[in-house]
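Asks: If you scroll down you'll find the structure; I have some questions about it.
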């Protein structure tokens with residue numbers, strides 16, 4: 001093993017890949033939320049000019065990638081490799097985005113942890129010298145998620161207080177061997193973890209054990225504590241899941257203190273925007289990272305964060321079969337400053 | 001870029017990872033086919049002792065991983081990282097397999113190309129020094145696929161002549177920095193490609209353009225031809241798709257000659273086993289590779305193959321919305337011989 005291996009679940013990047021550019025596309029509700037000024041594209045059309053919500057998701061990813069390429073001053077197919085995935089069955093949002101573009105593509109399924117998973121794999125790919133200019137991207141859409149996981153919107157189902165609101169948006173980051181921007185210093189790969197919860201309307205609590213497992217493994221592997229980061233930011237635990245994570249962490253003697261934030265509570269104004277426990281979906285952490293967080297890191301307002309993408313591993317079929325909801329969480333250390 | 005980069009879509013592995021062990025689990029029909037002697041576990045119980053077909057898929061993956069660990073003389077959680085995915089919505093076969101095992105996991109969605117995708121990513125991970133002892137695994141199940149993609153089995157729908165039979169099985173390979181066994185020399189990442197076909201009962205033809213695109217890119221990137229390989233083996237084009245690939249290749253002046261084989265036509269006896277155009281599914285290329293092909297490579301009966309995992313990127317939703325079926329194909333060079 002080279003110097004890059006670091007503990008059981010983690011690796012350090014001796015030549016940290018640089019996030020030279022990033023882009024975000026946000027839906028209507030997200031564009032009315034507290035992070036609105038950080039998004040590149042704000043749309044009030046939930047169809048994004050397409051005929052279906054599933055195709056709208058494709059369109060958002062495409063707009064995000066085109067914006068990324070434009071900001072980087074390259075053509076779309078100068079991107080050497082795209083890591084992407086989404087929540088739709090068979091990840092059709094991601095595959096249709098890249099249809100006949102000629103861009104090499106590796107598809108992922110990490111549920112809502114996909115932004116962190118794609119960054120982690122992109123970092124490996126660039127640091128290992130396999131490809132340069134690798135894009136990590138994901139998306140989610142409120143309406144396509146409701147149709148697929150819960151009830152079609154027309155049904156008008158009542159939401160529980162622990163339910164979260166799937167973010168409509170797409171975020172992408174470009175990873176390069178050189179250049180200027182925030183850097184990925186190291187990563188921790190998550191394990192599939194749960195405490196046996198089965199309530200599909202409380203995914204925050206279902207994912208909290210996985211988030212804690214990854215944060216604990218990360219601290220052990222790197223010999224760090226929460227004090228080493230300006231922010232430990234989970235993907236979409238929402239208020240309920242964030243509270244649960246704090247409770248579990250305290251019980252296990254892992255102080256997270258005032259360092260814990262969650263993209264699901266950052267991206268919306270709770271309860272002003274009536275999103276119950278907060279935002280969720282692949283797009284939640286994607287637009288919060290590829291808008292707000294990377295901007296703060298780039299301007300030196302944040303020096304080092306641990307970005308912890310959280311995902312709930314379930315399907316309507318597994319729920320109907322009475323199975324528990326597992327979680328997974330992948331963590332990426334991102335350092336800021338103009339470097 | 002290091003010496004590992006090689007052309008637009010490919011990379012060469014200067015320290016080729018070794019496939020030290022592999023394992024396969026096969027269902028009833030597969031265990032009656034021409035490759036039966038190569039499978040580690042043959043089962044005539046389509047439920048594999050579970051209550052549902054989806055859970056049977058989890059059980060197959062678990063049995064494959066446990067067999068792999070046993071063959072390697074290690075404990076299950078000595079596997080440092082698992083790359084896996086399957087065809088079920090939200091890849092629940094893969095996530096339930098690893099539930100609470102403590103093994104780091106990165107989930108993939110490459111449709112039926114997942115065996116090649118997981119090998120490719122595993123090879124990057126081991127060669128880059130990020131993790132050692134990485135398992136690549138995937139699975140499919142005839143009954144869970146029928147229920148999800150087409151009609152529930154109880155419906156008794158008539159199959160078209162171009163239809164394929166989803167393989168029930170799981171295959172896995174262990175990638176290490178040292179040891180003895182076949183080696184991964186290089187890889188080519190595929191692009192999302194299609195010619196606009198929309199017939200979900202003819203996925204072989206829908207995937208053939210993607211297979212050709214990857215094989216052509218591979219030849220260009222490495223400066224090779226079909227003559228440099230003992231076998232160019234696609235994942236699951238079936239007889240119809242294989243014929244289409246040969247036609248397309250001939251038209252474009254890319255001779256594949258007698259080198260082309262397809263796991264979908266190797267794994268079953270057509271038409272003796274009444275599988276129409278042949279086998280398909282993630283498990284098709286997985287058990288053909290992790291049974292038959294790696295055995296032949298290890299015993300020196302094959303010296304070098306290009307393993308081309310093929311995947312059809314569609315969902316019932318995209319089909320209902322009248323969208324075309326894209327394909328993707330990832331290629332991995334595997335060399336044989338006792339080394």
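Asks: Just from the alpha-carbon atoms, what are the Rg and Dmax of segment A:16-75 in angstroms?
Replies: According to the Cα coordinates of segment A:16-75, Rg and Dmax are 12.7, 41 Å.
Asks: Once Rh for chain A is found with the Kirkwood sum over Cα pairs, what is the Stokes-Einstein diffusion coefficient at 25 °C and 0.890 mPa s, in µm²/s?
Replies: For the chosen part, D equals 127 µm²/s.
Asks: Follow-up. What does the extension gain come out to for residue B:201 and residue B:15, with contour length at 0.36 nm per residue minus their alpha carbon separation?
Replies: 62.8 nm
Asks: Return the Cα extents of segment B:144-281 along principal axes one, two and three, sorted largest first, each rounded to a whole Å.
Replies: Here the spans come out as 49, 41, 29 Å, largest first.
Asks: While we're here: So the label point sits 7 Å from Cα along the Cα-to-Cβ vector; using that for residue B:271, what distances do you get to the other copies, in nanometres, sorted shortest first?
Replies: Reported distances to equivalent positions: 6.7 nm.
Asks: A follow-up question, please. Cut-off is 10 Å between beta-carbons; in what order do A:254, B:184 appear when sorted fewest neighbours first?
Replies: Final ranking by Cβ density, sparse to dense: A:254, B:184.
Asks: Roughly what would the spin-label model give for residue B:224 and residue A:75, points 7 Å off Cα along C-beta, in nm?
Replies: For the pair residue B:224/residue A:75, the computed spacing is 2.8 nm.
Asks: Kindly provide the helix-only [θ] at 222 nm of the protein assembly as shown, computed as the sum of -39,500 (n - 2.57) over DSSP H runs of four or more divided by all residues, to the nearest 500 deg cm²/dmol?
Replies: Result for the protein assembly as shown: -9000 deg cm²/dmol, rounded to the nearest 500.
Asks: Using only alpha carbon pairs under 8 Å that are at least six residues apart, calculate the relative contact order of chain B and give it in whole percent.
Replies: 25 percent
Asks: If you take the Cα atoms of segment A:204-339, find Rg, then find the Kirkwood Rh from the mean of 1/r over all pairs, what is Rg/Rh?
Replies: Ratio of gyration radius to Kirkwood radius for segment A:204-339: 0.98.
Asks: If you take every DSSP beta bridge whose two residues both sit in segment A:159-314, what share of them, in percent to the nearest 5, is antiparallel?
Replies: Within segment A:159-314, antiparallel bridges account for around 0 percent of the total.
Asks: So how do B:78, A:199 line up by other beta-carbon neighbours within 10 Å, fewest first?
Replies: B:78, A:199
Asks: Of all beta bridges DSSP finds with both residues in segment A:15-176, what is the antiparallel percent, to the nearest 5?
Replies: Looking only at bridges with both residues in segment A:15-176, the antiparallel portion is about 60 percent.
Asks: Can you say what percent of the DSSP beta bridges in the protein assembly as shown, counting only those with both residues inside, are antiparallel? Round to 5.
Replies: 65 percent
Asks: What ranking of B:62, A:6 emerges when the number of other C-beta atoms within 10 Å of each C-beta is taken as an exposure proxy, fewest first?
Replies: Ordered from fewest to most neighbouring Cβ atoms within 10 Å, B:62, A:6 come out as A:6, B:62.
Asks: How big is the protein assembly as shown by Rg and Dmax over its Cα atoms, in Å?
Replies: Just the Cα atoms of the protein assembly as shown yield Rg and Dmax of 22.9, 68 Å.
Asks: Based on the alpha-carbon set only, what is the convex hull volume of segment A:1-141 divided per residue, in Å³?
Replies: Given the Cα convex hull of segment A:1-141, per-residue volume reads 130 Å³.
Asks: Hey, another quick one. Shortest first, in nm, what separates the label point of residue A:37 from those of the same position in the other copies (7 Å along Cα→Cβ)?
Replies: 7.4
Asks: For residue B:301, place a label point 7 Å from Cα along the Cα-to-Cβ direction in every copy; what are the distances to the other copies, in nm, shortest first?
Replies: Copy-to-copy label distances at residue B:301, shortest first: 6.4 nm.
Since every read-out is calculated from the coordinates, none of them should be taken as a lab result. Predicted model, so just to flag it, every value in this text is computed and none were measured. Neighbour counts run over all protein chains shown; Cβ positions are idealised from the backbone, glycine included.
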